[in-house]
Amino acid sequence: MVTALFSLRERGGLRAQGGSVTLRNFKDSETIVVTKVTFVHPDGTRETHAGIEGETVMDCALDLGGVGIRAQCGGACICVTCHCYVESPWSERIDPPRSDELEMLEYAWEREPNSRLACQVVLDPACAGIVIRLPLRQA
Ligand code: FES
């Protein structure tokens, strides 16, 4: 999907800015902003997909069959099975974790300063082109 979207962008069919593409549905006057999200697996392989602004990184991962994020609680911030690392510079750009996320991250396996719960990272303009590294295992 990303390949097709970015191919369209290059042909001028879409408005693109940074790692995001804006799609406009003229029939419903609805605008959807699609953001490029790259998941980096523990072995270094990368998967780049399209995430929709307003959804979480977890939603994007689950739409793709999980890509290593199990998300057992479905985004309720109570399981830590969506632990991931938000790479720089996005880790500095996005909203910091709330207290409940920080509490749950105490249980994350191999927590790092850029550790986040994918269910708490909402894709917004600051996430354009975001790179998410996946841990070797979840909690
Ligand atoms: S899905 Fe359970 S904490 Fe994120």
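The values are calculated or read from the model by the stated rules, or taken from the named source; none is laboratory data. Fair warning: this is a prediction, and the values are worked out from it, not measured in the lab. Cβ coordinates were reconstructed from backbone atoms using ideal geometry, including for glycine residues, and neighbour counts include every protein chain displayed.
Quick notes on this one:
- Enumeration of residues in segment 43-77 that are at pLDDT 95 or above, within 9 Å of the ligand (Cβ to nearest atom) and of a type in the set (Val, Ile, Thr): Thr56
- Any chance Ile78 is closer than 16 Å to Ala128 by Cα and among the aliphatic types (A, V, I, L, M): no
- Residue selected from segment 48-73 under the condition closer than 8 Å to Val37 by Cβ and among the hydrophobic types (A, V, I, L, M, F, W, C), by the criterion nearest to the chain's Cα centre (by Cα): Val57
- The residues of segment 41-58 that are under 22 Å from Ser115 (Cβ atoms) and either surrounded by fewer than 19 Cβ atoms within 10 Å (Cβ to Cβ) or touching a Ser or Thr at 6+ places or on another chain (Cβ under 7 Å) (or both), listed by number, are His41, Pro42, Asp43, Gly44, Thr45, Arg46, Glu47, Thr48, His49, Gly51, Glu55.
- The single residue among Asp63, Asp100, Asp124 that is farther than 18 Å from Ile52 by Cα and charged (D, E, K, R) turns out to be Asp100.
- The residues in segment 98-110 that are on the phi < 0 side of the Ramachandran plot and in contact (Cβ under 8 Å) with a residue 24 or more places away in the chain can be counted, and the count is 6.
- Pick from segment 108-125, criterion charged (D, E, K, R) and within 14 Å of the chain's Cα centre (by Cα), ranking: nearest to the ligand (Cβ to nearest atom): Arg116
- The strands (runs of 3 or more DSSP E) located wholly in segment 77-139 that include 2 or more residues which are surrounded by 14 or more Cβ atoms within 10 Å (Cβ to Cβ) and not β-branched (Val, Ile, Thr) occupy 83-86, 115-117.
- Sub-8 Å Cβ pairs linking a first residue in segment 62-76 that is free of Cβ contacts under 8 Å to residues at least 12 places away in the same chain to a second residue that is part of a loop (DSSP other than H, G, I, E, B) and more than 9 Å from the ligand (Cβ to nearest atom), at least 6 apart or interchain, number zero.
- Test: residue in segment 85-94 that is within 11 Å of Arg133 (Cβ to Cβ), of a type in the set (S, T, N, Q), more than 16 Å from the ligand (Cβ to nearest atom) and in contact (Cβ under 8 Å) with a residue 40 or more places away in the chain: no
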